[in-house]
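What follows is a single structure, written as structure tokens, with notes after it.
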Amino acid sequence: MNLFFKLSIASFFLFSVLLIIGIPVSFVNSGFLSWKKNKKNFFILISLWLFSVFLVGILNSFVI
């Protein structure tokens, strides 16, 4: 269980870094039309990030 928790923390960290870099870069490259085209994709990515926050929190309660 401890290994699974560490892997979930690592994947959460990498996904967060990807979002921190990727979302602003995608806005700068395409302008306002990018928001209209990719709004659904951004919300899916943000929803996955929130799910991973809750998953790490639940796993934390089992490890400690």
Report summary line: Note: among Lys6, Lys36, just one is basic (Lys, Arg), exposed (fewer than 10 other Cβ atoms within 10 Å of the Cβ) and on the phi < 0 side of the Ramachandran plot, namely Lys36
Requested in this report: Return yes when Ile20 is out of contact with any Ser or Thr (no Cβ under 9 Å at 6 or more places or on another chain), of a type in the set (Val, Ile, Thr), touching a residue at least 40 places away in the same chain (Cβ under 8 Å) and in a helix (DSSP H, G or I) and no when it is not.
Outcome: no
Report task. With respect to Asn60, determine if the residue is exposed (fewer than 10 other Cβ atoms within 10 Å of the Cβ), free of Cβ contacts under 8 Å to residues at least 60 places away in the same chain and assigned to a helix (DSSP H, G or I). Result -> no
Query - Enumeration of residues in the range 25-64 that are modelled with pLDDT under 90, under 15 Å from the mean Cα position of the chain (by Cα) and aromatic (Phe, Trp, Tyr) - result: Phe42
Query raised in the report: Any residue in the range 35-54 that is touching a residue at least 40 places away in the same chain (Cβ under 8 Å), in a helix (DSSP H, G or I), within 27 Å of Leu7 (Cβ to Cβ) and among the hydrophobic types (A, V, I, L, M, F, W, C)?
Result: yes
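The values are calculated or read from the model by the stated rules, or taken from the named source; none is laboratory data. On a predicted model such as this, the values are computed, not experimentally measured, just so you know. Please note: Cβ atoms are built from the backbone with ideal geometry, for glycine as well, and neighbour counts cover all protein chains shown.
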